[in-house]
Amino acid sequence: MRLTSPIFVALCMVGSASAWAQDEFEDTKAAPKKEEAPAEGEAPPAEGAAPAAAPSGTVEQRFNIRRGFFTEGDFGLFLAFGGRNTNNPNLPTRSTSNIQPYLGITIGYDVVSNESINFSIGPKFALLLNGGAGRPSAADIVDDERVATTHSNDFSIFEAGLAATVSIMMTDRVALAIRVDGGLGATDPNPALWAEESADAGAFGFGAMFGAGVGVEYFTLLNGFTVGANLRFVGVLAEGLIPGAAFTIPIKYNF
């Protein structure tokens with residue numbers, strides 16, 4: 001019997017094709033992956049070196065603060081230390097006056113500015129109200145209590161001078177503010193005069209005025225606007241020292 005039948009020939013051809021396909025698959029799987037060649041002008045990576053990190057797509061930027069000319073409104077509360085209630089014939093002493101409004105405005109310029117500190121200076125004008133604590137002197141009380149009770153129990157204090165602020169940046173939007181100011185202080189009416197026996201009872205009293213305080217500043221996202229909080233000591237030299245304290249909310253705008 002001869003082995004050249006068509007069926008035998010077909011089986012031999014199928015077996016040969018299967019063996020060839022298997023050999024090609026094994027060769028492909030065993031072949032090592034080719035490394036990409038470095039770009040032209042680029043040095044090849046050193047052997048054993050870690051792969052370079054991909055560059056970051058974001059860059060952190062510092063908050064931009066506007067500096068230069070500015071106006072600042074100072075709004076808050078004021079009280080004086082000491083004094084007497086001259087509306088009462090017994091002249092009872094007061095530890096503090098009644099809490100009254102404080103209004104101030106400063107027009108200035110940021111003279112020195114960098115990322116860590118800012119120094120500004122400018123003219124300042126303020127109005128402070130004193131209520132319920134007159135300022136009769138000890139001599140007035142001893143000599144004539146009737147005269148002492150006619151001293152004004154309420155009066156206003158006007159300030160005109162210079163204010164300076166040093167701001168130390170704590171973060172990119174918050175600063176510690178140290179403030180000082182000084183100039184002329186005027187009281188209306190003069191608390192050292194009495195009404196019945198002085199033709200000048202309603203006149204202004206003039207003297208030096210000074211203040212110092214500490215607070216914080218917050219630079220808002222509204223470009224140019226700064227808000228804060230400030231606690232300061234105030235002194236007025238009007239026929240003796242009139243000490244006081246003010247808590248204010250300064251609102252500043254840089255042009």
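Derivation of every value follows stated rules applied to the coordinates shown; laboratory data play no part. All figures in this text were calculated on a predicted structure; none of them were measured in a lab. Neighbour counts are summed over all protein chains in view; Cβ atoms, including those assigned to glycine, are modelled from backbone coordinates with ideal geometry.
To the nearest 0.05, what FRET efficiency results for residue 227 and residue 137 with a Förster distance of 51 Å applied to their C-beta separation?
0.80
Fewest Cβ neighbours within 10 Å first, please rank 170, 209 accordingly.
Arranged by neighbour count, lowest to highest, 170, 209 become 170, 209.
So, R0 is 45 Å and r is the distance between the beta-carbons of residue 166 and residue 96; what FRET efficiency does that work out to, to 0.05?
Details: r = 29 Å, r/R0 = 0.64.
Calculated transfer efficiency: 0.95.
Lys/Arg Cβ at +1, Asp/Glu Cβ at -1, dipole of region 69-254 taken about the Cα centre: which of 98, 136, 187 is farthest positive-ward?
98
Quick one: grab the alpha carbon gyration tensor of region 69-254, order the square roots of its eigenvalues as a ≥ b ≥ c, and give me rounded if a/c is under 1.5, else prolate or oblate depending on whether a/b is larger than b/c. Intermediate results must be reported in sequence, preceding the final value.
Working: a/c = 3.18, a/b = 2.57, b/c = 1.24.
Prolate is the answer for region 69-254, as a/c is 1.5 or above and a/b outweighs b/c.
Using only alpha carbon pairs under 8 Å that are at least six residues apart, calculate the relative contact order of region 69-254 and give it in whole percent.
Computed value for region 69-254: 21 percent relative contact order.
Length gain on complete extension for the stretch residue 188 to residue 176, per 0.36 nm per residue less the alpha carbon to alpha carbon distance?
Full extension of this stretch gives 0.9 nm more.
Convert each backbone phi in region 101-107 into a coupling constant with the Karplus relation 6.51 cos²θ - 1.76 cosθ + 1.60 (shift: θ = phi - 60°), then list the ³J(HN,Hα) values in order as whole Hz, x for Gly and Pro.
Each residue of region 101-107 in turn: x, 10, 10, x, 9, 10, 10 Hz.
Order by neighbour count: 234, 142, fewest other Cβ atoms within 10 Å first, most last.
Numbers: 234 25, 142 9.
If I rank by nearby Cβ atoms, fewest first, I get 142, 234.
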